[in-house]
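What follows is a short report on a single structure.
The values are calculated or read from the model by the stated rules, or taken from the named source; none is laboratory data. All figures in this text were calculated on a predicted structure; none of them were measured in a lab. All Cβ positions, glycine included, derive from the backbone under ideal geometry; neighbour counts span all protein chains shown.
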Amino acid sequence: MTDIPVKKYRLRRAKKWLKRTLIPFGVRAGKVTVKWKKPDRSVFPPRSQSDVPGLARYEYGWLSQNGEDGIIRFLFDEIGFESRWLVEFGFGAVQCNALRLILKEDFNGLLMDGSSENVDFFNHTAEKFGVDKAKAVQAFITRDNLQDLITGNGVPREIDFLSLDVDGNDYWFWETLECISPRVVCIEYNAGIGPDLSWTVPYDDEFERYSKHPSGFFHGVSLAALESLGRRKGYYLIGCDSTGTNAFFLRDDIEIDGVPALTTREAFRPHSNWLGRGISEAEQIEIMCSMPYEEV
């Protein structure tokens, strides 16, 4: 079997602890302020990507990790806004899919994350920027508390956007969600599982990606499992970003000319980071098959 590459996870955690201990909060939060002040792209869609197929044509990252800002911007340029509400769980104060909608499109929003520091960074910076329609809440989410956390923070049923990225129970949380009906959904998938297998990690209230396996390979859910779950919930798959990180879905009552429903194989993009580390798609599958995923 292929040797499983292990990142220096414990070293990274130690470095983060040292930063929290040695560098004052205000200094660390200042990096968030600098990021939020960066100008957004004025020319859209990117002219240099006019020949790129699919959603990747619209990609760019301003406050998102990959090209999600551009894809989300395109989708709402086409369908417009209704409630101007969003929910994102598993977010970063410096990089997340909700930030552009909050800062540029005046969205109301609830962001949830298990890191109190991350939540404090967001709320501190939001106050400095005069953002009062969105808030971050520190919470370790489970299937039992997820819906109460959302409704208890005043989120209406009809929302425009949901982003879900927790590196673990993503499948189970989307399956559980009935209290909101987002028009656009963005969910991270585990491209290492490939386009054919319908797999997720087994549900675990205390799932933590690198604690389960220091390689980080054992996490999340395959695209095939998300596509099947989406169909049951009334959503259709429209594509993935070019890095093989996020899948995008539209609710069945939403249509965009030239953006058809796709099969998993049509939408699938491999994991560019793992490929860049020299781990082929076949090797990724071999590694995944050695881990205790659950078929759904």
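Scanning region 174-185 for residues that are over 14 Å from GLU227 (Cβ atoms) and either within 9 Å of the chain's Cα centre (by Cα) or surrounded by fewer than 21 Cβ atoms within 10 Å (Cβ to Cβ) (or both) yields a count of 6. Collect the residues in region 93-117 that are surrounded by fewer than 21 Cβ atoms within 10 Å (Cβ to Cβ) and under 19 Å from PHE207 (Cα atoms), keeping them in residue-number order. Result: GLY114, SER115, SER116. In region 235-280, the qualifying residues are those that are under 13 Å from ALA224 (Cα atoms) and hydroxyl-bearing (Ser, Thr, Tyr), and the one that is surrounded by the fewest Cβ atoms within 10 Å (Cβ to Cβ) is THR263. In region 4-37, the qualifying residues are those that are out of contact with any helix residue (DSSP H, G or I) (no Cβ under 9 Å at 6 or more places or on another chain) and modelled with pLDDT under 65, and the one that is surrounded by the most Cβ atoms within 10 Å (Cβ to Cβ) is VAL6.
Filter region 199-230 down to the residues that are touching an Asp or Glu at 6+ places or on another chain (Cβ under 9 Å), more than 21 Å from GLU283 (Cβ to Cβ) and surrounded by fewer than 24 Cβ atoms within 10 Å (Cβ to Cβ) and list them by number. Residues satisfying the conditions are PRO202, TYR203, ASP205, PHE207, GLU208, LEU229.
For a quick check of your reading: which strands (runs of 3 or more DSSP E) sit entirely within region 181-271 and have at least 2 residues that are of a type in the set (D, E, K, R) and either closer than 17 Å to LEU164 by Cα or in contact (Cβ under 8 Å) with a residue 60 or more places away in the chain (or both)? Show your work before the answer.
Details: elements: 181-188, 235-240, 246-251.
Passing ranges, in order: 181-188.
Residue pairs whose Cβ atoms lie under 9 Å apart, separated by 6 or more positions or on different chains, with the first residue in region 31-44 and more than 14 Å from ILE102 (Cα to Cα) and the second among the acidic types (Asp, Glu), are ARG41/ASP69; PHE44/ASP77.
The set of residues from region 15-67 being within 26 Å of THR264 (Cα to Cα), part of a loop (DSSP other than H, G, I, E, B), within 21 Å of the chain's Cα centre (by Cα) and not aromatic (Phe, Trp, Tyr) comprises GLU59, GLY61, SER64, GLN65, ASN66, GLY67. Sub-9 Å Cβ pairs linking a first residue in region 67-89 that is free of Cβ contacts under 8 Å to residues at least 40 places away in the same chain to a second residue that is part of a helix (DSSP H, G or I) and basic (Lys, Arg), at least 6 apart or interchain, are ASP69/ARG100; GLY70/ARG57; ARG73/ARG100; ARG73/LYS104; PHE74/ARG57, ordered by first then second residue. Residues that are of a type outside the set (Gly, Ala, Ser) and at pLDDT below 95 were ranked within region 85-118; the one that is farthest from GLY61 (Cα to Cα) is GLU117.
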